[in-house]
Amino acid sequence: MACYCQIALGGSSWRVATTAKPFALRGEQPLAPDLPFDSTLSRSNGVQLSSSRRRDLVFVINPRGANGRTWQEWKNLLPYLRSRLGNNYNICESLTSGPSHAIDITREAIQEGADAVIAVGGDGTLHEVVNGFFLDGKPVRNHDHRSSALGLIPLGTGSDFARTFGWKNEPHEAVECIARGVRSPIDVGVISGETDESHYFINVADIHLSAKAGFYASRYKRFGNLCYVIGALQAFIGHSNQDLRIKINDGEWETFTQVTALCIGNAKFFGGGMKISPNADPRSGNLEVVILQDFKWYDFILKLHRLYNGTHLSVKNVYSRRVQSIEVEDISGSGSIYVQSDGEHLGFLPWKFCILPSAIDMIC
Ligand SMILES: Nc1ncnc2c1ncn2[C@@H]1O[C@H](COP(=O)(O)OP(=O)(O)OP(=O)(O)O)[C@@H](O)[C@H]1O
């Protein structure tokens, strides 16, 4: 018989739905007020995994993803998920309460021995789940020194990472992958700066105009994919191309003049379907760097279709290269050049970006 457990951790709520003994987690704070509360749910303190022999799949759901669509679709999906996967797995449902919470949920789920942690939402949720696979620069492990697999049910606004695998922004294909259970190692990008703290990305990290556009786009997610157009228009206001210093694979510093945007792809798409790094492959052991130089606003109008279909690498003033690492510095030293990773604002230059080959097993 199915049993459910309401769980909360580190300032937010989790709900676990299993068909066996519940995956119980600390209960500290209530559900987000506008989320329905199931009175059959119970709470407990401390963390323990199901004692069932079946494996635990922890679904990390951002109820605010895609302006609330993620939550609506998840509710519709759950009965199907239980019928499709419930015979072989305990289905553990964990709702995020706010930014960064998915990181804590993921770390705890891995430490408690979850078989897989599955991000349900957009690239931002996936980004946080990926960051939860690491702590203090090392992979998180359970008591047997094993990690969990990473899964994804793409239900965000852009869901760009899923596009590299040819998945649509809907759940059924992803659920079939989880049911098949095939896992393969994928690469993760790691970003380091002046502090000891590392950040991880799985899709695309980018610098300057595109990162500024992403920063603004995040304010307009209620408009769906149109947010990227609005964000880009706002980013153009006051934009000026900048000279950047770049060091590739720990070689010599080089100057790239009048950089409009610099993109570092572990996968191919960003900005709601733009195929910015068309040769990137998260199983290649490389990152694809694409640099747009001296682009004017009208270049984007004339060449936008090439950016979307990934044929822009042969365009004038577009440089591309496969790298294992790249360091980027702002020559002006203004500290105002935007950086984002997986569509999430990270801060401003300088940063170093490296590949971690085969860092995570992914269900795909
Ligand atoms: N409960 C929550 N309330 C508010 N924001 C949240 C919550 N949980 C996560 N977030 C934040 O929501 C942001 C966006 O999430 P997500 O990427 O899933 O959706 P999206 O932006 O619509 O999709 P995409 O990134 O694919 O365009 C993330 O930055 C995340 O930190």
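Every read-out reported here was derived from the displayed coordinates using simple, explicitly stated rules and does not represent laboratory data. Only a predicted model underlies this, so the values are computations on that prediction, with no experimental measurement involved. Positions of Cβ are backbone-derived with ideal geometry, glycine not excepted, and every protein chain shown enters the neighbour counts.
Once a ≥ b ≥ c are taken as the square roots of the eigenvalues of the Cα gyration tensor of the chain, is the result rounded (a/c under 1.5), prolate (a/b larger than b/c) or oblate (a/b not larger than b/c)?
It is prolate, given that a/c is not under 1.5 and a/b is the larger ratio.
What net charge is computed for the residues neighbouring Ile246, neighbours being all others with C-beta under 9 Å from the C-beta of Ile246, Lys and Arg scored +1, Asp and Glu -1?
Spelling it out: positives minus negatives among the neighbours equals -1.
What is the helix-to-structure angle for 101-111, meaning the angle in degrees between its Cα long axis and the longest Cα principal axis of the chain, kept from 0 to 90 and rounded to the nearest 10?
Tilt relative to the chain: about 60 degrees.
Once the Cα atoms of helix 297-309 and of the chain are each reduced to a long axis, what angle between those two axes, in degrees from 0 to 90 to the nearest 10, is obtained?
Taking Cα atoms only, the helix is inclined about 50 degrees.
Could you line up Thr96, Thr311 from fewest to most neighbouring Cβ atoms inside 10 Å?
The most exposed by this proxy come first: Thr311, Thr96.
Between the helical axis of 123-132 and the dominant principal axis of the chain, each derived from Cα atoms, what acute angle in degrees is found, rounded to the nearest 10?
The two axes meet at around 70 degrees.
Order of Cys263, Cys177, Cys92 from fewest to most other C-beta atoms within 10 Å?
With the fewest neighbours first, Cys263, Cys177, Cys92 line up as Cys177, Cys263, Cys92.
For the chain, how many pairs of lysine residues have a Cα-Cα distance under 17 Å, where the two are 8 or more positions apart or belong to different chains?
Values: Lys168/Lys268; Lys168/Lys275; Lys212/Lys221; Lys212/Lys296; Lys247/Lys352; Lys275/Lys303; Lys296/Lys316; Lys303/Lys316.
Lysine pairs satisfying the spacing and distance rule in the chain number 8.
What residue among Glu344, Glu108, Glu73 shows peak mean-square fluctuation when the chain is described by a Gaussian network model with Cα springs under 10 Å?
It is Glu73.
DSSP beta bridges in the chain, what fraction antiparallel, as a percent rounded to 5?
Antiparallel bridges: around 75 percent, rounded to the nearest 5.
I need the GluC sites (Glu not before Pro) found in the stretch 167-272, filtered to DSSP loop residues with at most 14 other beta carbons within 10 Å of theirs.
For GluC sites (Glu not before Pro) across the stretch 167-272 that sit outside H, G, I, E and B with at most 14 neighbouring Cβ atoms in 10 Å, the list reads Glu194, Glu197, Glu252.
Contour minus end-to-end for Tyr298 and Phe236, with contour as 0.36 nm per residue of separation and end-to-end as the Cα-Cα distance?
Stretched out fully, the Tyr298 to Phe236 stretch lengthens by 21.2 nm.
In what sequence, highest mean first, do 59-69, 135-145, 113-123 appear when ranked by Cβ atoms within 10 angstrom?
Per-residue Cβ counts within 10 Å, averaged per peptide and sorted highest first, yield 113-123, 59-69, 135-145.
Arrange Ser284, Ser325 by Cβ neighbour counts within 10 Å, fewest through most, would you?
Ser284, Ser325
What number, in percent, do you get for the relative contact order of the stretch 188-244 if the mean sequence gap of Cα pairs under 8 Å and at least 6 apart is divided by its residue count?
Dividing the mean separation by the residue count of the stretch 188-244 yields 26 percent.
Could you list the trypsin sites (Lys or Arg not before Pro) in the stretch 284-364 that lie in coil according to DSSP, counting only those with at most 14 other Cβ atoms within 10 Å of their Cβ?
Loop-located and lightly packed - Lys296, Lys316.
Under unit Cβ charges (Lys, Arg +1; Asp, Glu -1), what dipole magnitude, rounded to 20 debye, does the chain have relative to its Cα centre?
In total the dipole reaches around 1100 debye.
Using Cα pairs under 8 angstrom and six or more residues apart, how large is the relative contact order of the chain, in percent?
Worked out over the chain, it gives 15 percent.
In deg cm²/dmol, rounded to 500, what helix-only [θ] at 222 nm does the chain give when every DSSP H run of at least 4 residues adds -39500 (n - 2.57) and the total is split over its residues?
-7000 deg cm²/dmol
Hey, how many Å between the Cα centroid of the stretch 144-185 and the Cα centroid of the stretch 86-125?
So the two Cα centres are separated by 13 Å.
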